[in-house]
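Read through the structure below, which is laid out as structure tokens, and then see the notes.
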Amino acid sequence: MHIEDEIKQGKEFTSEYEKLAINILFTASWLDSKNIQRFKPFGISPQQYNVLRILRGSNPKPLMLGDIASRMIDKNSNTTRLVEKLRLKNFVKREVCENNRRQVDISITRQGITLLAAIDIDAENWIKILKNIDLQKAITANQLLDSLRD
């Protein structure tokens, strides 16, 4: 469905660039809603999943809060709050560094790894929502989006 139909646009966009911006924002919101639904059964948010994914990628090496924040997809996330919520659920642990008492090392727990493994089982269903476009179009879309941020 075209963006004009999705948002019930009554008049033409002022330019293709305006249409592009609206289309990207609308599609990002649509994808975010699907992502929220994906994680709801697991009791975590997409941002919490992102933290766990980052920590799994560095496992067994712990990361500092700033390292996690710099790798987040959503740069506006409150990483401190996310890590604390995950700690309360026993998905991550925080430990004061022995060499530097001001440094806090954060790592994923066995429970966190188990949770990600359960989420990974359904990964193919998640990717299916993107397969309305073929592989070549996906490659082109990725190149275009990367170019937009340059």
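Rounded to the nearest 20, the size of the Cβ-charge dipole of the chain about its Cα centre is 840 debye, with Lys and Arg at +1 and Asp and Glu at -1.
By the count of neighbouring beta-carbon atoms within 10 Å, fewest first, Lys128, Lys89 end up ordered Lys128, Lys89. Which values of log₁₀ I(q)/I(0), to two decimal places, follow from the Debye formula for the chain at q = 0.09, 0.10, 0.19 Å⁻¹ with a uniform point scatterer at every Cα? So the normalised log intensities are -0.40, -0.48, -1.21.
Here the dipole of region 44-120 is about 100 debye; that uses its Cα centre as origin and unit charges on the Cβ of Lys and Arg (positive) and Asp and Glu (negative). Which of rounded, prolate or oblate describes region 1-55 when judged by the alpha-carbon gyration tensor and an a/c cut-off of 1.5? Cα axes put region 1-55 in the prolate bin.
Remark: spin-label model distance Glu16-Arg102 equals 5.2 nm, labels positioned 7 Å along the Cα→Cβ axis.
Highest mean first, the peptides 13-21, 113-121, 62-70 sorted by other C-beta atoms within 10 Å per residue fall in the order 62-70, 113-121, 13-21.
Remark: for residue pairs Lys75/Lys137; Lys85/Lys128; Lys40/Lys89; Lys89/Lys131, the C-alpha separation exceeds 22 Å in Lys75/Lys137; Lys85/Lys128; Lys89/Lys131. When region 1-42 is described by a simple charge dipole with +1 on each Lys and Arg Cβ and -1 on each Asp and Glu Cβ, the residue from Ala28, Phe13, Pro41 located farthest towards its positive end is Pro41. Our estimate of slack between Phe42 and Glu95, defined as 0.36 nm per intervening residue step minus the Cα-Cα distance, is 16.6 nm. Of the residues Thr140, Asn76, Cys97, the one whose Cα sits farthest toward the positive end of the charge dipole of region 19-150, with +1 on the Cβ of Lys and Arg and -1 on the Cβ of Asp and Glu, is Cys97. Rounded to the nearest 20, the Cβ-based charge dipole of region 80-150 about its Cα centre (Lys and Arg +1, Asp and Glu -1) stands at 400 debye. The alpha carbon centroids of region 85-115 and region 46-62 are separated by 10 Å. Is the shape of region 49-92 best called rounded, prolate or oblate, per the rule: a/c under 1.5 gives rounded, else a/b larger than b/c gives prolate, else oblate, with a ≥ b ≥ c the square roots of the Cα gyration tensor eigenvalues? Oblate, since a/c reaches 1.5 and b/c is not below a/b.
Membrane-span-like helices in the chain, defined purely by DSSP H runs whose alpha carbon atoms cover 27 Å or more axially and whose average Kyte-Doolittle hydropathy reaches -0.5, are 16-39.
Each value in this text was obtained by applying a stated rule to the coordinates, not by laboratory testing. Nothing here was measured: the structure is a model prediction, and the numbers come from that model. Cβ coordinates were reconstructed from backbone atoms using ideal geometry, including for glycine residues, and neighbour counts include every protein chain displayed.
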